[in-house]
Amino acid sequence: DMVPERAAQAEARPDSSLIGRNSNPPDDAPKPGRKRAAHGKGMDQGRGEVDAERRKRRRAQHEDGKALQANFTLHRTLSNVLRRAEALFGEAAILERRLHVPLPDESAIPAEELEMLERLHEKRLSDMVSTVCKKILAAIMANKWSWPFNTPVDPKMYPDYAEKVEEPMDFGRVKKALERGQYKHPEQFVEHMRLVFRNARSYNKPGSDVHVMAKTLQEKFEDRYAASIVPRLVEAQKQREADKIELRRRMAEQAALGGREMADGECASLIEAIDSLLADVDIEKIRAAAACAPVPRREKEALVEKFKEMDESVLANVLGIIVHHYPGVRGPNEVAFDVETLDSLCLRQVLSYVLGIEEKGVRQGNDWPPKAFIETKK
C-alpha cells in the first residue's frame, strides 16, 4: 500500500538533475557567464591603457635618444671644425712668420735714397716759407703799429743805433729775403722776425712807445706762428719719418720677394681650406638651428617687450647677433626684422645674451634695463 504513495511523492518532487540540465533558471537568478564576461572586459581595458602608456614612454625615450644622438653628433662636428680652425690658424701664423722680413735699420738706406728724401723734406719746408710765412709777414706789416719796423733805422736820426745793435733787421729786409728765396726753413724767417722785436726792445727804454709797440706786435706774431707754422713743422717732420719707414718697408719687401713667390702656392691652398671650413660652418649653423628647441610664443612676446625698454648699447649688440645670422635685414638707415621669422638658434642666442645682461644688472644692484625711450617699428 505504501508504494503508490512514495511514488506520488517522488513524482511531486522535481528532479535536481533535470533542473541543471533541462530546465531554465528563474529570471532573478544570478548569471555566472555574464559576470565573467564583464570582468574580462575590464581586464582587457586596463591592459590596453597600460600598453598605451608603455608605447608612449617608449616613443618619448626614442625621441630623447634621437635628440641626444643629434646633439652628440653636432658637438663632435663642431669640435672637429674648431680643431680645423686652430690648425689653419697655426698654418697661417707659420706662413706669416716665413713671409715677414724685419725692417732694415735706417743706416742700411742707401745714401742716394736718403738724399732724395731730404730734398723732398726741404721742398715741403720751402713751400711753407713761400706761402705761410709770406701771409704772416703781410698781416704783421699791415698792422697800424708796424710802421717803425717796416724800414731800416735812420743812422742820422739815431747815430748810436749801430753801437747798441749788432745786427739791424727790419720787416722790409725780411720781405726781400722771402721774395729772393733766401729762407730755406720757416725757422730762419721766424728768427729774423724776432730779431726785429728784440732790437727794438733793447734800444728803446721800457715804457716808451716803440718798446710797447714792439712788445704788442710780437705777441700777435707769436700767436700766428703757433697757429700756422708750428703744426705744419710737426706734420712735415712726421712725414719725413714716415717716408723713411716706407722706404725701409719697400727694401724689406724686395728682400722677401723670392720667398713670397715660393709661398704663393701655400697661400692659395690655405685660402681654399679656409673657404671649405667656412662652408662647413654654414652647414653646421643650419644643423644647430634645427637642433634647437623652438622658442615658445610667450617667450617671444616677452622678448619683444624687452626690446622696447632696452638700453641703446644693449639693443645694438642684440641687433648685431641678428645681423650676423641674417645679413639681409640691415638696411641703409635701420635694421628691420620680424621675431617670428628668426630661427631657434638665433632666438636662443639673443635670449641668452639678454638674460645674461639682466642677471648682471641684478647682481650689481642696477636698474636694468634703463628706462630709455627707444622708438620701435611696429
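Assorted remarks:
- Tally, over segment 162-176, of residues that are surrounded by 15 or more Cβ atoms within 10 Å (Cβ to Cβ) and part of a loop (DSSP other than H, G, I, E, B): 4
- For segment 131-152, the set of residues classified as surrounded by fewer than 14 Cβ atoms within 10 Å (Cβ to Cβ) and within 22 Å of K238 (Cβ to Cβ) consists of T131 only.
- Residues located in segment 177-203, provided they are among the polar types (S, T, N, Q) and surrounded by 18 or more Cβ atoms within 10 Å (Cβ to Cβ): N199
- Residues in segment 276-296 that are free of Cβ contacts under 8 Å to residues at least 40 places away in the same chain and within 23 Å of the chain's Cα centre (by Cα): L278, A279, D282.
- Residues within segment 177-187 that are of a type outside the set (A, V, I, L, M, F, W, C) and part of a helix (DSSP H, G or I), tallied: 4
- Being in a helix (DSSP H, G or I), at pLDDT 80 or above, among the aliphatic types (A, V, I, L, M) and open to solvent by 30 Å² or more (accessible area, probe 1.4 Å) is a condition met by at least one residue of segment 352-368.
- Verdict on S208 being out of contact with any helix residue (DSSP H, G or I) (no Cβ under 9 Å at 6 or more places or on another chain) and open to solvent by less than 40 Å² (accessible area, probe 1.4 Å): yes
- Selection from segment 224-258 of residues that are at pLDDT below 90 and either β-branched (V, I, T) or not in a helix (DSSP H, G or I) (or both): A256
- Only one of P155, P159 that is of a type outside the set (A, V, I, L, M, F, W, C) and either assigned to a helix (DSSP H, G or I) or surrounded by 11 or more Cβ atoms within 10 Å (Cβ to Cβ) (or both): P155
The values are calculated or read from the model by the stated rules, or taken from the named source; none is laboratory data. The model shown is predicted, which means the values in this text are computed figures rather than measured ones. With ideal geometry, Cβ positions are generated from the backbone for all residues, glycine too; neighbour counts draw on all protein chains shown. With ligands, DNA and RNA removed, areas are computed over all heavy atoms of the protein, side chains included. Shrake-Rupley method; radii C 1.70, N 1.55, O 1.52, S 1.80 Å.
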